[in-house]
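Asks: The structure is given below, and queries will be raised subsequently.
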Amino acid sequence: MRLVGISLLIATLAVAGCAHRPADDPADPLEPVNRAVFKFNETADKYALRPVAKVYADITPAPARQGITNFFDNLQEPRNIVNAILQAKFVQAGKNLGRLLLNSTAGLAGFVDVATEVGLEKHEEGLGQTLGYWGVGEGWYLMLPLLGPSTNRDLVGFAGDSFVNPSFYLPGRYDVYSISANAVNLVNTRANFLAADGILQQQFDRYLFVRTAYLQQRWNLIHDGNPPLEGFELPPDEPIDAPTSNPQVTPLAPASEPAEAPK
Amino acid sequence: MLKRLFALLVLAVGVNATATAATTPDQALRGTTEQIQKQIQANYKDYRADLNKFYGVVDQVVVPRFDVPYIAQLVLATNYAAATPDQRTRFANSFKNMLVRAYANAMLDNYDSIQIEWLPVRPSDDGKTALVNTSMKSGSGKAYAIGFRVRKVADDWKVFDIVVENLSLITNFRTQLNAEIKKNGLENVIVRMEKGDFVDTATNTGGK
(Lines give C-alpha, C1' and ligand atoms only; values in the text may rest on other atoms or scores of the structure.)
Protein backbone atom coordinates (compact mmCIF):
# COMPACT_ATOMS: atom_id res chain seq x y z
CA MET A 1 0.00 0.00 0.00
CA ARG A 2 2.71 2.41 1.02
CA LEU A 3 4.79 1.38 -1.95
CA VAL A 4 1.85 2.01 -4.26
CA GLY A 5 1.39 5.42 -2.70
CA ILE A 6 5.02 6.35 -3.15
CA SER A 7 5.21 5.22 -6.74
CA LEU A 8 2.01 7.10 -7.48
CA LEU A 9 3.46 10.22 -5.96
CA ILE A 10 6.59 9.94 -8.05
CA ALA A 11 4.55 9.30 -11.17
CA THR A 12 2.47 12.38 -10.52
CA LEU A 13 5.30 14.69 -9.75
CA ALA A 14 6.95 13.52 -12.94
CA VAL A 15 4.06 14.51 -15.18
CA ALA A 16 2.17 17.05 -13.12
CA GLY A 17 4.95 19.58 -13.30
CA CYS A 18 3.22 20.86 -16.39
CA ALA A 19 0.64 23.56 -15.91
CA HIS A 20 -3.12 23.43 -15.98
CA ARG A 21 -4.71 22.81 -19.36
CA PRO A 22 -8.17 23.95 -20.48
CA ALA A 23 -10.92 21.37 -20.01
CA ASP A 24 -11.58 21.17 -23.74
CA ASP A 25 -7.98 20.27 -24.50
CA PRO A 26 -6.58 18.12 -21.68
CA ALA A 27 -3.68 15.69 -21.77
CA ASP A 28 -5.35 12.36 -22.46
CA PRO A 29 -2.67 10.12 -23.91
CA LEU A 30 -4.41 7.03 -22.52
CA GLU A 31 -7.66 7.83 -24.32
CA PRO A 32 -8.04 4.40 -26.00
CA VAL A 33 -7.56 2.64 -22.66
CA ASN A 34 -9.72 5.19 -20.85
CA ARG A 35 -12.51 4.70 -23.35
CA ALA A 36 -12.42 0.94 -22.87
CA VAL A 37 -12.59 1.39 -19.09
CA PHE A 38 -15.40 3.91 -19.50
CA LYS A 39 -17.34 1.38 -21.54
CA PHE A 40 -16.78 -1.23 -18.86
CA ASN A 41 -17.94 1.21 -16.17
CA GLU A 42 -21.03 2.09 -18.15
CA THR A 43 -21.90 -1.59 -18.52
CA ALA A 44 -21.35 -2.26 -14.84
CA ASP A 45 -23.53 0.73 -14.06
CA LYS A 46 -26.25 -0.27 -16.46
CA TYR A 47 -26.63 -3.84 -15.22
CA ALA A 48 -25.63 -3.59 -11.58
CA LEU A 49 -25.29 -0.22 -9.88
CA ARG A 50 -28.04 1.76 -11.59
CA PRO A 51 -30.83 -0.81 -11.15
CA VAL A 52 -29.96 -1.20 -7.48
CA ALA A 53 -29.81 2.57 -7.02
CA LYS A 54 -33.20 2.93 -8.69
CA VAL A 55 -34.85 0.40 -6.39
CA TYR A 56 -33.12 1.99 -3.43
CA ALA A 57 -34.36 5.45 -4.45
CA ASP A 58 -37.89 4.10 -4.85
CA ILE A 59 -38.11 2.44 -1.47
CA THR A 60 -36.12 4.93 0.61
CA PRO A 61 -37.87 8.17 1.54
CA ALA A 62 -36.04 11.30 0.41
CA PRO A 63 -35.32 12.55 3.98
CA ALA A 64 -33.67 9.24 4.83
CA ARG A 65 -31.51 9.43 1.72
CA GLN A 66 -30.55 12.98 2.61
CA GLY A 67 -29.62 11.78 6.11
CA ILE A 68 -27.39 9.06 4.70
CA THR A 69 -25.76 11.55 2.34
CA ASN A 70 -25.14 13.86 5.31
CA PHE A 71 -23.67 11.04 7.39
CA PHE A 72 -21.07 10.14 4.78
CA ASP A 73 -20.35 13.81 4.08
CA ASN A 74 -19.63 14.28 7.75
CA LEU A 75 -17.01 11.52 7.62
CA GLN A 76 -15.20 13.62 5.01
CA GLU A 77 -14.97 16.64 7.28
CA PRO A 78 -11.51 15.70 8.67
CA ARG A 79 -10.27 15.60 5.08
CA ASN A 80 -11.78 19.03 4.45
CA ILE A 81 -10.17 20.45 7.60
CA VAL A 82 -6.71 19.05 6.93
CA ASN A 83 -6.72 20.24 3.34
CA ALA A 84 -8.04 23.69 4.18
CA ILE A 85 -5.09 24.02 6.57
CA LEU A 86 -2.69 22.74 3.91
CA GLN A 87 -3.96 25.55 1.69
CA ALA A 88 -3.53 28.08 4.50
CA LYS A 89 -7.29 28.70 4.54
CA PHE A 90 -7.50 28.84 8.29
CA VAL A 91 -10.89 30.50 8.57
CA GLN A 92 -12.32 27.86 6.29
CA ALA A 93 -10.65 25.12 8.36
CA GLY A 94 -12.30 26.59 11.44
CA LYS A 95 -15.69 26.55 9.77
CA ASN A 96 -15.23 22.93 8.75
CA LEU A 97 -14.20 22.05 12.28
CA GLY A 98 -17.37 23.74 13.48
CA ARG A 99 -19.35 21.65 11.03
CA LEU A 100 -17.74 18.44 12.25
CA LEU A 101 -18.39 19.23 15.92
CA LEU A 102 -21.93 20.47 15.41
CA ASN A 103 -23.09 17.78 13.01
CA SER A 104 -21.48 14.94 14.96
CA THR A 105 -23.33 15.98 18.13
CA ALA A 106 -26.44 18.08 17.58
CA GLY A 107 -26.69 16.58 14.10
CA LEU A 108 -27.08 13.08 15.52
CA ALA A 109 -23.76 11.59 14.40
CA GLY A 110 -23.91 13.46 11.14
CA PHE A 111 -27.34 12.45 9.86
CA VAL A 112 -28.68 15.99 10.16
CA ASP A 113 -26.75 18.86 8.63
CA VAL A 114 -27.53 21.42 11.33
CA ALA A 115 -24.33 23.34 10.56
CA THR A 116 -25.72 24.54 7.23
CA GLU A 117 -28.77 25.88 9.09
CA VAL A 118 -26.52 28.14 11.17
CA GLY A 119 -24.55 29.36 8.17
CA LEU A 120 -21.65 26.90 8.14
CA GLU A 121 -22.12 25.59 4.64
CA LYS A 122 -20.52 22.53 3.15
CA HIS A 123 -17.15 23.28 1.68
CA GLU A 124 -15.21 20.53 0.00
CA GLU A 125 -11.42 20.33 0.11
CA GLY A 126 -9.22 17.41 -0.79
CA LEU A 127 -5.57 16.64 -1.40
CA GLY A 128 -6.06 16.80 -5.16
CA GLN A 129 -7.44 20.32 -4.73
CA THR A 130 -4.60 21.23 -2.38
CA LEU A 131 -2.04 20.15 -4.96
CA GLY A 132 -3.93 22.12 -7.61
CA TYR A 133 -4.10 25.13 -5.31
CA TRP A 134 -0.32 25.18 -5.11
CA GLY A 135 -0.01 25.01 -8.86
CA VAL A 136 0.33 21.30 -9.59
CA GLY A 137 -1.22 20.56 -12.99
CA GLU A 138 -3.72 17.78 -13.61
CA GLY A 139 -1.30 15.62 -15.52
CA TRP A 140 -3.11 12.97 -17.51
CA TYR A 141 -6.81 12.39 -17.48
CA LEU A 142 -7.60 8.91 -16.16
CA MET A 143 -10.70 6.75 -16.21
CA LEU A 144 -10.45 4.33 -13.32
CA PRO A 145 -12.29 0.99 -13.25
CA LEU A 146 -15.42 1.41 -11.09
CA LEU A 147 -14.06 4.56 -9.44
CA GLY A 148 -14.68 6.77 -12.45
CA PRO A 149 -12.90 9.87 -13.74
CA SER A 150 -9.66 11.13 -12.22
CA THR A 151 -6.30 12.60 -13.12
CA ASN A 152 -2.76 11.77 -12.03
CA ARG A 153 -2.95 14.57 -9.52
CA ASP A 154 -6.38 13.62 -8.19
CA LEU A 155 -5.44 9.95 -7.95
CA VAL A 156 -2.57 10.86 -5.65
CA GLY A 157 -4.96 13.08 -3.74
CA PHE A 158 -7.47 10.27 -3.46
CA ALA A 159 -4.84 7.89 -2.07
CA GLY A 160 -3.50 10.48 0.36
CA ASP A 161 -6.95 11.49 1.57
CA SER A 162 -7.77 7.93 2.60
CA PHE A 163 -5.43 8.39 5.56
CA VAL A 164 -7.62 11.11 7.05
CA ASN A 165 -10.87 9.20 6.61
CA PRO A 166 -11.98 8.04 10.07
CA SER A 167 -13.02 4.65 8.73
CA PHE A 168 -9.39 3.96 7.82
CA TYR A 169 -8.62 3.69 11.52
CA LEU A 170 -11.48 1.41 12.49
CA PRO A 171 -10.18 -1.93 13.69
CA GLY A 172 -12.32 -4.14 11.50
CA ARG A 173 -12.37 -2.11 8.37
CA TYR A 174 -12.79 -5.12 6.14
CA ASP A 175 -15.53 -6.71 8.22
CA VAL A 176 -19.08 -7.13 7.06
CA TYR A 177 -20.35 -3.92 8.69
CA SER A 178 -17.72 -1.77 7.13
CA ILE A 179 -18.22 -3.30 3.72
CA SER A 180 -21.98 -2.87 4.01
CA ALA A 181 -21.48 0.77 4.95
CA ASN A 182 -19.36 1.30 1.86
CA ALA A 183 -22.00 -0.38 -0.26
CA VAL A 184 -24.72 1.88 1.16
CA ASN A 185 -22.57 4.90 0.49
CA LEU A 186 -21.99 3.79 -3.09
CA VAL A 187 -25.64 3.07 -3.84
CA ASN A 188 -26.79 6.24 -2.11
CA THR A 189 -24.30 8.34 -4.03
CA ARG A 190 -25.38 6.75 -7.29
CA ALA A 191 -29.03 7.41 -6.44
CA ASN A 192 -28.21 11.10 -6.00
CA PHE A 193 -27.04 11.17 -9.60
CA LEU A 194 -30.02 9.38 -11.15
CA ALA A 195 -31.48 12.71 -12.24
CA ALA A 196 -28.35 13.44 -14.25
CA ASP A 197 -28.70 10.32 -16.40
CA GLY A 198 -30.90 12.16 -18.90
CA ILE A 199 -28.21 14.78 -19.44
CA LEU A 200 -25.61 12.12 -20.07
CA GLN A 201 -27.77 10.29 -22.58
CA GLN A 202 -28.25 13.50 -24.62
CA GLN A 203 -24.58 13.83 -25.41
CA PHE A 204 -23.05 12.87 -28.76
CA ASP A 205 -20.02 11.47 -26.99
CA ARG A 206 -20.55 10.54 -23.36
CA TYR A 207 -16.87 9.87 -22.72
CA LEU A 208 -15.92 13.39 -23.77
CA PHE A 209 -18.83 14.88 -21.84
CA VAL A 210 -17.76 13.19 -18.60
CA ARG A 211 -14.15 14.20 -19.17
CA THR A 212 -14.96 17.86 -19.80
CA ALA A 213 -17.44 18.01 -16.94
CA TYR A 214 -15.05 16.37 -14.49
CA LEU A 215 -12.13 18.64 -15.35
CA GLN A 216 -14.27 21.78 -15.14
CA GLN A 217 -15.74 20.68 -11.85
CA ARG A 218 -12.28 20.11 -10.35
CA TRP A 219 -10.97 23.42 -11.68
CA ASN A 220 -13.95 25.12 -10.11
CA LEU A 221 -13.40 23.44 -6.75
CA ILE A 222 -9.74 24.42 -6.71
CA HIS A 223 -10.86 28.04 -7.06
CA ASP A 224 -13.62 27.76 -4.45
CA GLY A 225 -16.31 28.39 -7.04
CA ASN A 226 -14.68 31.41 -8.69
CA PRO A 227 -12.31 30.23 -11.40
CA PRO A 228 -10.49 32.99 -13.30
CA LEU A 229 -12.48 34.41 -16.22
CA GLU A 230 -10.34 32.96 -18.95
CA GLY A 231 -10.90 33.65 -22.58
CA PHE A 232 -11.20 30.67 -24.88
CA GLU A 233 -8.15 29.72 -26.83
CA LEU A 234 -8.51 30.63 -30.47
CA PRO A 235 -6.13 30.08 -33.37
CA PRO A 236 -3.71 33.03 -33.45
CA ASP A 237 -4.56 33.99 -37.03
CA GLU A 238 -8.19 34.58 -36.11
CA PRO A 239 -8.49 37.70 -33.98
CA ILE A 240 -11.60 37.49 -31.81
CA ASP A 241 -12.91 40.87 -32.93
CA ALA A 242 -13.02 40.32 -36.66
CA PRO A 243 -16.54 41.32 -37.63
CA THR A 244 -15.75 41.24 -41.34
CA SER A 245 -15.37 37.49 -41.40
CA ASN A 246 -18.40 36.92 -39.21
CA PRO A 247 -21.19 34.80 -40.58
CA GLN A 248 -24.60 36.35 -41.11
CA VAL A 249 -27.30 35.17 -38.75
CA THR A 250 -30.55 34.21 -40.40
CA PRO A 251 -33.84 33.16 -38.82
CA LEU A 252 -34.57 29.53 -38.20
CA ALA A 253 -36.11 27.82 -41.21
CA PRO A 254 -39.49 26.21 -40.52
CA ALA A 255 -38.94 22.85 -38.88
CA SER A 256 -41.11 21.09 -41.46
CA GLU A 257 -38.81 22.18 -44.28
CA PRO A 258 -35.25 21.67 -43.11
CA ALA A 259 -32.57 23.62 -44.91
CA GLU A 260 -31.27 22.06 -48.10
CA ALA A 261 -28.47 19.69 -47.35
CA PRO A 262 -25.89 19.61 -50.14
CA LYS A 263 -24.35 16.17 -50.63
CA MET B 1 -33.44 18.03 -17.35
CA LEU B 2 -30.73 19.91 -19.21
CA LYS B 3 -33.41 20.98 -21.62
CA ARG B 4 -35.36 22.46 -18.80
CA LEU B 5 -32.30 24.26 -17.49
CA PHE B 6 -31.56 25.61 -20.89
CA ALA B 7 -35.12 26.80 -21.22
CA LEU B 8 -34.73 28.70 -17.99
CA LEU B 9 -31.64 30.42 -19.15
CA VAL B 10 -32.92 31.22 -22.59
CA LEU B 11 -35.90 32.78 -20.89
CA ALA B 12 -33.61 34.72 -18.65
CA VAL B 13 -31.78 36.41 -21.48
CA GLY B 14 -34.72 37.08 -23.69
CA VAL B 15 -34.60 40.65 -24.84
CA ASN B 16 -36.75 43.09 -26.69
CA ALA B 17 -35.01 43.44 -30.02
CA THR B 18 -35.68 47.15 -30.07
CA ALA B 19 -34.17 47.79 -26.65
CA THR B 20 -31.52 50.48 -26.64
CA ALA B 21 -28.03 49.69 -25.45
CA ALA B 22 -28.11 48.93 -21.75
CA THR B 23 -25.41 50.23 -19.51
CA THR B 24 -24.56 47.26 -17.35
CA PRO B 25 -24.39 43.57 -18.27
CA ASP B 26 -27.09 42.52 -15.86
CA GLN B 27 -29.38 45.33 -16.95
CA ALA B 28 -28.93 44.12 -20.50
CA LEU B 29 -30.08 40.66 -19.51
CA ARG B 30 -32.37 41.54 -16.68
CA GLY B 31 -35.09 43.91 -17.75
CA THR B 32 -35.55 41.80 -20.82
CA THR B 33 -36.55 38.57 -19.10
CA GLU B 34 -40.03 39.96 -18.71
CA GLN B 35 -40.16 40.74 -22.39
CA ILE B 36 -40.03 37.15 -23.60
CA GLN B 37 -42.11 35.98 -20.67
CA LYS B 38 -44.76 38.53 -21.59
CA GLN B 39 -44.67 37.40 -25.19
CA ILE B 40 -45.24 33.80 -24.18
CA GLN B 41 -47.89 34.78 -21.67
CA ALA B 42 -49.86 36.70 -24.28
CA ASN B 43 -49.54 34.16 -27.07
CA TYR B 44 -49.10 30.87 -25.27
CA LYS B 45 -51.82 28.99 -27.15
CA ASP B 46 -50.70 30.31 -30.52
CA TYR B 47 -47.13 29.19 -29.91
CA ARG B 48 -48.22 25.77 -28.70
CA ALA B 49 -50.33 25.30 -31.82
CA ASP B 50 -47.66 26.60 -34.18
CA LEU B 51 -44.09 26.04 -33.03
CA ASN B 52 -42.70 27.76 -36.12
CA LYS B 53 -44.32 30.96 -34.98
CA PHE B 54 -42.58 30.59 -31.64
CA TYR B 55 -39.22 29.91 -33.31
CA GLY B 56 -39.74 33.20 -35.12
CA VAL B 57 -40.30 35.06 -31.88
CA VAL B 58 -37.25 33.44 -30.27
CA ASP B 59 -35.20 34.49 -33.30
CA GLN B 60 -36.45 38.02 -33.00
CA VAL B 61 -36.36 38.41 -29.22
CA VAL B 62 -33.79 36.05 -27.73
CA VAL B 63 -31.21 35.36 -30.43
CA PRO B 64 -30.06 39.00 -30.82
CA ARG B 65 -28.89 38.89 -27.21
CA PHE B 66 -26.43 36.16 -28.18
CA ASP B 67 -23.25 36.75 -30.15
CA VAL B 68 -23.93 33.90 -32.55
CA PRO B 69 -20.98 34.45 -34.94
CA TYR B 70 -18.56 34.61 -32.04
CA ILE B 71 -20.10 31.50 -30.47
CA ALA B 72 -19.62 29.66 -33.76
CA GLN B 73 -16.00 30.73 -33.77
CA LEU B 74 -15.49 29.57 -30.19
CA VAL B 75 -17.16 26.22 -30.75
CA LEU B 76 -15.27 25.47 -33.96
CA ALA B 77 -11.96 26.58 -32.46
CA THR B 78 -9.13 25.35 -34.69
CA ASN B 79 -11.60 24.15 -37.30
CA TYR B 80 -12.80 27.71 -37.82
CA ALA B 81 -9.72 28.79 -39.72
CA ALA B 82 -10.04 25.95 -42.19
CA ALA B 83 -13.76 26.50 -42.78
CA THR B 84 -14.96 28.42 -45.84
CA PRO B 85 -17.08 31.56 -45.26
CA ASP B 86 -20.09 29.59 -46.45
CA GLN B 87 -19.39 26.79 -43.97
CA ARG B 88 -18.97 29.30 -41.15
CA THR B 89 -22.33 30.84 -41.88
CA ARG B 90 -24.07 27.49 -42.21
CA PHE B 91 -22.46 26.18 -39.05
CA ALA B 92 -23.42 29.28 -37.05
CA ASN B 93 -27.02 29.09 -38.20
CA SER B 94 -27.50 25.38 -37.83
CA PHE B 95 -25.88 25.45 -34.38
CA LYS B 96 -28.20 28.23 -33.30
CA ASN B 97 -31.22 26.51 -34.85
CA MET B 98 -30.31 23.23 -33.17
CA LEU B 99 -30.47 24.90 -29.77
CA VAL B 100 -33.66 26.83 -30.55
CA ARG B 101 -35.41 23.68 -31.78
CA ALA B 102 -34.16 21.49 -28.98
CA TYR B 103 -35.31 23.81 -26.24
CA ALA B 104 -38.42 25.56 -27.57
CA ASN B 105 -40.88 23.17 -25.96
CA ALA B 106 -39.16 23.24 -22.60
CA MET B 107 -39.21 27.02 -22.77
CA LEU B 108 -42.97 27.01 -23.20
CA ASP B 109 -43.29 24.54 -20.33
CA ASN B 110 -41.35 26.59 -17.82
CA TYR B 111 -41.90 30.25 -18.65
CA ASP B 112 -44.16 31.01 -15.68
CA SER B 113 -42.70 28.73 -13.02
CA ILE B 114 -39.12 29.96 -12.73
CA GLN B 115 -37.73 32.41 -10.24
CA ILE B 116 -34.50 34.17 -11.07
CA GLU B 117 -32.23 35.68 -8.47
CA TRP B 118 -29.68 38.07 -9.94
CA LEU B 119 -26.32 37.88 -8.19
CA PRO B 120 -23.46 40.39 -8.35
CA VAL B 121 -21.80 40.77 -11.75
CA ARG B 122 -18.14 39.82 -12.05
CA PRO B 123 -16.36 42.01 -14.59
CA SER B 124 -13.15 40.78 -16.22
CA ASP B 125 -9.92 42.67 -15.58
CA ASP B 126 -9.98 44.46 -18.92
CA GLY B 127 -13.69 45.33 -18.62
CA LYS B 128 -14.48 43.85 -22.02
CA THR B 129 -16.27 40.80 -20.69
CA ALA B 130 -18.23 39.96 -17.58
CA LEU B 131 -19.91 37.08 -15.82
CA VAL B 132 -23.52 37.60 -14.80
CA ASN B 133 -24.37 35.11 -12.07
CA THR B 134 -27.89 33.99 -11.37
CA SER B 135 -29.61 31.43 -9.23
CA MET B 136 -32.65 29.99 -10.96
CA LYS B 137 -35.32 28.10 -9.17
CA SER B 138 -37.48 25.80 -11.22
CA GLY B 139 -41.03 24.76 -10.43
CA SER B 140 -39.70 21.83 -8.42
CA GLY B 141 -37.99 24.25 -6.04
CA LYS B 142 -34.42 23.20 -6.77
CA ALA B 143 -32.06 26.11 -7.40
CA TYR B 144 -29.44 25.99 -10.15
CA ALA B 145 -26.38 28.20 -10.47
CA ILE B 146 -26.43 29.63 -13.97
CA GLY B 147 -23.94 32.17 -15.23
CA PHE B 148 -23.80 34.15 -18.46
CA ARG B 149 -20.51 35.17 -19.99
CA VAL B 150 -21.13 38.41 -21.86
CA ARG B 151 -18.90 40.66 -23.91
CA LYS B 152 -19.18 44.18 -25.17
CA VAL B 153 -20.24 44.44 -28.79
CA ALA B 154 -20.97 47.90 -30.17
CA ASP B 155 -21.91 49.31 -26.77
CA ASP B 156 -24.20 46.43 -25.95
CA TRP B 157 -23.63 43.25 -23.98
CA LYS B 158 -24.00 39.95 -25.78
CA VAL B 159 -23.91 36.44 -24.36
CA PHE B 160 -21.15 34.16 -25.65
CA ASP B 161 -21.29 31.36 -23.10
CA ILE B 162 -23.62 29.90 -20.53
CA VAL B 163 -22.26 28.21 -17.44
CA VAL B 164 -24.70 25.74 -15.89
CA GLU B 165 -23.55 24.52 -12.48
CA ASN B 166 -19.97 25.35 -13.45
CA LEU B 167 -20.18 23.56 -16.78
CA SER B 168 -19.59 25.73 -19.80
CA LEU B 169 -21.85 25.10 -22.75
CA ILE B 170 -19.12 26.24 -25.15
CA THR B 171 -16.51 23.95 -23.65
CA ASN B 172 -18.90 21.04 -23.80
CA PHE B 173 -19.92 21.55 -27.43
CA ARG B 174 -16.41 22.48 -28.43
CA THR B 175 -15.01 19.18 -27.19
CA GLN B 176 -17.71 16.95 -28.59
CA LEU B 177 -18.33 18.65 -31.94
CA ASN B 178 -14.65 18.93 -32.75
CA ALA B 179 -14.17 15.24 -32.02
CA GLU B 180 -17.08 14.59 -34.37
CA ILE B 181 -15.51 16.85 -37.00
CA LYS B 182 -12.18 15.07 -36.64
CA LYS B 183 -13.91 11.75 -37.26
CA ASN B 184 -16.28 12.71 -40.08
CA GLY B 185 -15.25 16.12 -41.37
CA LEU B 186 -16.81 19.55 -40.92
CA GLU B 187 -19.13 19.31 -43.91
CA ASN B 188 -20.62 16.06 -42.62
CA VAL B 189 -21.29 17.57 -39.19
CA ILE B 190 -22.89 20.72 -40.65
CA VAL B 191 -25.14 18.68 -42.93
CA ARG B 192 -26.25 16.51 -40.03
CA MET B 193 -26.93 19.57 -37.91
CA GLU B 194 -28.96 21.10 -40.72
CA LYS B 195 -30.96 17.92 -41.01
CA GLY B 196 -31.68 18.11 -37.31
CA ASP B 197 -29.84 14.90 -36.37
CA PHE B 198 -28.50 16.22 -33.11
CA VAL B 199 -31.82 17.82 -32.20
CA ASP B 200 -33.39 14.36 -32.26
CA THR B 201 -30.70 13.04 -29.97
CA ALA B 202 -31.35 15.90 -27.62
CA THR B 203 -35.15 15.76 -27.74
CA ASN B 204 -35.81 12.03 -27.79
CA THR B 205 -33.36 10.85 -25.21
CA GLY B 206 -33.40 13.84 -22.93
CA GLY B 207 -35.38 12.21 -20.14
CA LYS B 208 -38.52 14.19 -19.40
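The values are calculated or read from the model by the stated rules, or taken from the named source; none is laboratory data. Predicted, not measured: the structure shown is a model, and the values here were computed from it. In this analysis, Cβ positions are derived from the backbone assuming ideal geometry, glycine residues included, and neighbour counts consider all displayed protein chains. These accessible areas exclude ligands, DNA and RNA; they are computed on the full protein's heavy atoms, side chains included. Shrake-Rupley method; radii C 1.70, N 1.55, O 1.52, S 1.80 Å.
Asks: Of all residues being of a type outside the set (D, E, K, R) and modelled with pLDDT under 90 in region B:130-144, which is nearest to B:V62 (Cα to Cα)? Just the residue, please.
Replies: The residue in question is B:M136.
Asks: Restricting to region A:149-185, what's the tally of residues that are open to solvent by 60 Å² or more (accessible area, probe 1.4 Å), part of a helix (DSSP H, G or I) and within 28 Å of A:I85 (Cα to Cα)?
Replies: 4
Asks: On to the next question. Mind checking which residues of region A:115-134 are part of a helix (DSSP H, G or I) and within 23 Å of A:F163 (Cα to Cα)?
Replies: Residues satisfying the conditions are A:L127, A:G128, A:Q129, A:T130, A:L131, A:G132, A:Y133.
Asks: Please pick out the residue among A:N188, A:N226 that is modelled with pLDDT of 75 or more, in contact with a Ser or Thr (Cβ under 7 Å, 6 or more places away or on another chain) and either more than 10 Å from chain B (Cβ to nearest Cβ) or under 30 Å from B:S140 (Cα atoms) (or both).
Replies: The conditions single out A:N188.
Asks: While we're looking at this one, here's another question. Between a first residue in region A:35-60 that is part of a helix (DSSP H, G or I) and a second residue that is of a type in the set (S, T, Y), which pairs have beta carbons less than 6 Å apart while being 6 or more apart in sequence or on different chains?
Replies: From region A:35-60, the pairs are A:R35/A:Y207; A:F38/A:Y207.
Asks: Against the condition in a strand (DSSP E or B) and in contact (Cβ under 8 Å) with a residue 60 or more places away in the chain, how does B:F160 come out, does it pass?
Replies: Against the criterion (in a strand (DSSP E or B) and in contact (Cβ under 8 Å) with a residue 60 or more places away in the chain), B:F160 qualifies.
Asks: Kindly indicate the residue of region B:1-58 that is touching a strand residue (DSSP E or B) at 6+ places or on another chain (Cβ under 9 Å), polar (S, T, N, Q) and modelled with pLDDT of 80 or more and also surrounded by the most Cβ atoms within 10 Å (Cβ to Cβ) among those meeting that condition.
Replies: B:Q27
Asks: Evaluate the following for B:L131: is it of a type in the set (A, V, I, L, M), facing chain A (nearest Cβ under 8 Å) and touching a residue at least 60 places away in the same chain (Cβ under 8 Å)?
Replies: The answer is no for B:L131.
Asks: Just checking, which of A:K46, A:K89 is farther than 23 Å from A:F163 by Cβ and more than 14 Å from every other protein chain (Cβ to nearest Cβ)?
Replies: Testing whether each residue is farther than 23 Å from A:F163 by Cβ and more than 14 Å from every other protein chain (Cβ to nearest Cβ) leaves just A:K46.
Asks: A:R79: of a type in the set (K, R) and within 19 Å of the chain's Cα centre (by Cα), yes or no?
Replies: yes
Asks: Based on what the data block shows, is A:Q217 open to solvent by 40 Å² or more (accessible area, probe 1.4 Å) and either at pLDDT below 90 or charged (D, E, K, R) (or both)?
Replies: Here the answer is no, as A:Q217 does not meet what is asked.
Asks: Pick out the one residue from A:G119, A:G107 that is of a type in the set (G, A, S), open to solvent by less than 80 Å² (accessible area, probe 1.4 Å) and under 24 Å from A:V184 (Cα atoms).
Replies: Only one candidate qualifies: A:G107.
Asks: Still on this model: What about A:R21, is it open to solvent by less than 60 Å² (accessible area, probe 1.4 Å), within 18 Å of A:I222 (Cβ to Cβ) and touching a residue at least 24 places away in the same chain (Cβ under 8 Å)?
Replies: no
Asks: Condition first: open to solvent by 20 Å² or more (accessible area, probe 1.4 Å) and among the hydrophobic types (A, V, I, L, M, F, W, C). Now tell me which residues in region B:132-179 satisfy that.
Replies: B:A143, B:A145, B:V153, B:A154, B:V163, B:L167, B:L169, B:F173, B:A179
Asks: So, one more: Here is a check on your reading of the model: is A:A88 part of a loop (DSSP other than H, G, I, E, B), out of contact with any Ser or Thr (no Cβ under 9 Å at 6 or more places or on another chain) and surrounded by fewer than 13 Cβ atoms within 10 Å (Cβ to Cβ)?
Replies: yes
Asks: Give just the number: which of (1) within 14 Å of chain B (Cβ to nearest Cβ); (2) within 22 Å of A:V82 (Cα to Cα) does A:L200 not satisfy?
Replies: So A:L200 meets the others, but not (2).
Asks: Kindly list the number of the only condition in (1) in a helix (DSSP H, G or I); (2) of a type in the set (V, I, T); (3) over 27 Å from A:V37 (Cα atoms) that fails for A:V112.
Replies: In the conditions (1) in a helix (DSSP H, G or I); (2) of a type in the set (V, I, T); (3) over 27 Å from A:V37 (Cα atoms), A:V112 misses (1) alone.
Asks: Do we have any residue at all in region B:139-153 that's more than 9 Å from chain A (Cβ to nearest Cβ) and of a type in the set (V, I, T)?
Replies: Looking through region B:139-153, at least one residue is more than 9 Å from chain A (Cβ to nearest Cβ) and of a type in the set (V, I, T).
Asks: Exactly one of these conditions fails for B:W118: (1) open to solvent by 10 Å² or more (accessible area, probe 1.4 Å); (2) over 23 Å from A:N220 (Cβ atoms); (3) more than 9 Å from chain A (Cβ to nearest Cβ). Give me its number.
Replies: (2)
Asks: Which of the residues belonging to region A:122-149 are of a type in the set (D, E) and under 14 Å from A:A27 (Cα atoms)?
Replies: If the condition is that a residue be of a type in the set (D, E) and under 14 Å from A:A27 (Cα atoms), then A:E138 is the only one that fits.
Asks: Just to be sure I understand, how many residues within region B:88-108 are more than 7 Å from chain A (Cβ to nearest Cβ) and open to solvent by 30 Å² or more (accessible area, probe 1.4 Å)?
Replies: 2
Asks: How many residues, within region B:65-87, are crowded, with 22+ Cβ neighbours inside 10 Å and of a type in the set (F, W, Y)?
Replies: Residues in region B:65-87 being crowded, with 22+ Cβ neighbours inside 10 Å and of a type in the set (F, W, Y): 2 in total.
Asks: Do any residues in region A:87-100 that are touching a residue at least 24 places away in the same chain (Cβ under 8 Å) have Cβ atoms under 6 Å from those of residues that are polar (S, T, N, Q), where the two are at least six apart or on different chains, and which pairs are they?
Replies: From region A:87-100, the pairs are A:Q87/A:T130; A:N96/A:N80.
Asks: Right, another one. For A:R206, state whether it is farther than 25 Å from A:R65 by Cβ, within 12 Å of chain B (Cβ to nearest Cβ), open to solvent by 60 Å² or more (accessible area, probe 1.4 Å) and touching a helix residue (DSSP H, G or I) at 6+ places or on another chain (Cβ under 9 Å).
Replies: yes
Asks: For region A:24-34: of the residues being part of a helix (DSSP H, G or I) and open to solvent by 70 Å² or more (accessible area, probe 1.4 Å), which is nearest to B:L74 (Cα to Cα)?
Replies: A:P32
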